[in-house]
């Protein structure tokens, strides 16, 4: 299945943050996002209305012909969750680099030191990765890692279990052990709006079981984490994600990233990718 | 240019790493705990992260992204995600020749038999950035183009020129040992302003 980059759904704003018409970029093209009373809309540079979907607290659009519905996250719909509109962070990097970093756990002890990881607990145990042909998604399961403070609600270190899901080329979902509710998964997402191939607007969003933290505390925890990620993302060379082997050296801990790159190449999603080793 | 000055030793103390650029090549210049200087390509082979954001422990430099650790020869000696793995010899950082002379760090991007340029009996004053190409700088100073420009004058100034890009240089300045450091520094800033303003 190969489709144009224009035929995917992309996030363009928080529903709670859209009011007066706002100019932004999507895949290098000018678009305008706005709201008239309770109706949200997106127009392209020529003023043509683009299709929209309201989901996960965000407004989504598709500049081409949407081939199917935007993915769903059924786990996020269960009652009692706090839905956290984190806001956005602009990052000077490829949208694909931003997603790949979100899929990576080996950096926790060094980038999110004493929060999501800490030396000497650096080992990444073997986990499972598969490209699910039916759903056209990449999944990593049975990912386990020691974390000093896995979430705002976590006290003391625990071994956290994760599942990672790449639901579309620029959107990933993380399912994570939920400290207050064993047996349930906290849902943390990274929705990336590609402004162009080397610049993106990143919209993290969360659906958590957390009765203790305030909304402001949960937002600020996630913003701290992403600011730390940004210091990495804006300093990788090359800026675009290399899809061909040879330019970068992966290890077993990078199985998710290897599958993500392979899948991007397979579906022909090369916007923000570097194809020939430079 | 065979050897290019990339900084004063005092600006890169032990256990630090800094970014530098020579003719558009990004470098990580670092000083080990024992005081040994190294000039490497500013890129971890794993995921392309700049090594100049990394950290020095003992005689090794580690990447800040995943902690991959490289010894003084540039060979990867540790991958923290796999503590029991001996990294393959093929994983290494790009290394460049690096020498210390006259309190200055010198780098050669290409292998060379040439000697490191002499700065005479001068002492290091400071580094300063100039928004001019190395060629334009030499022309405006009415001096031959080269790794070291000797201006002389009351302070007996010499400039080691680091061509960073096609439009920018970093100058490493030296003066007679009896000259007041602050006075020379101010003179250099005036000179820089004049050179940048000259059409």
Output yes when any residue across segment B:41-56 is over 18 Å from residue B:20 (Cα atoms), more than 9 Å from every other protein chain (Cβ to nearest Cβ) and surrounded by fewer than 19 Cβ atoms within 10 Å (Cβ to Cβ), and no when none is.
no
Single residue of segment A:196-210 satisfying the filter (assigned to a strand (DSSP E or B) and in contact with a helix residue (DSSP H, G or I) (Cβ under 8 Å, 6 or more places away or on another chain)) that is farthest from residue A:26 (Cα to Cα):
A:208
Quickly run through segment A:115-142 and pick out the residues that are within 14 Å of chain B (Cβ to nearest Cβ) and in a loop (DSSP other than H, G, I, E, B).
A:116, A:118, A:119, A:120, A:121, A:122, A:123, A:124, A:125, A:126, A:127
Only one of A:87, A:80 is assigned by TED's automatic domain parsing to the domain that holds residue A:126, part of a loop (DSSP other than H, G, I, E, B) and within 30 Å of residue A:235 (Cβ to Cβ), namely A:87
Residue tally, condition surrounded by fewer than 17 Cβ atoms within 10 Å (Cβ to Cβ), outside any loop (DSSP other than H, G, I, E, B) and within 11 Å of chain B (Cβ to nearest Cβ), over segment A:242-278:
1
For segment B:133-166, name all the residues that are at pLDDT 95 or above and touching a helix residue (DSSP H, G or I) at 6+ places or on another chain (Cβ under 6 Å).
B:140, B:155, B:161, B:163
Considering only residues that are within 30 Å of residue B:25 (Cβ to Cβ) and in a helix (DSSP H, G or I), look in segment A:222-239 and name the one that is farthest from the other protein chains (Cβ to nearest Cβ).
A:227
So is residue A:131 surrounded by fewer than 17 Cβ atoms within 10 Å (Cβ to Cβ), assigned by TED's automatic domain parsing to the domain that holds residue A:206 and in contact (Cβ under 8 Å) with a residue 40 or more places away in the chain or not?
yes
Return the only residue of B:68, B:106 being in contact with a strand residue (DSSP E or B) (Cβ under 9 Å, 6 or more places away or on another chain), under 30 Å from residue A:256 (Cα atoms) and buried (at least 19 other Cβ atoms within 10 Å of the Cβ).
B:68
Among the residues of segment B:11-40 satisfying the criterion of being assigned to a strand (DSSP E or B), without any contact (Cβ under 8 Å) to a residue 60 or more places away in the chain and more than 14 Å from chain A (Cβ to nearest Cβ), which is surrounded by the most Cβ atoms within 10 Å (Cβ to Cβ)?
B:30
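The values are calculated or read from the model by the stated rules, or taken from the named source; none is laboratory data. None of these values were measured; they are calculated from a predicted model. Because the Cβ atoms are built from the backbone with ideal geometry, glycine has one as well, and the counts that use them run over all protein chains shown.
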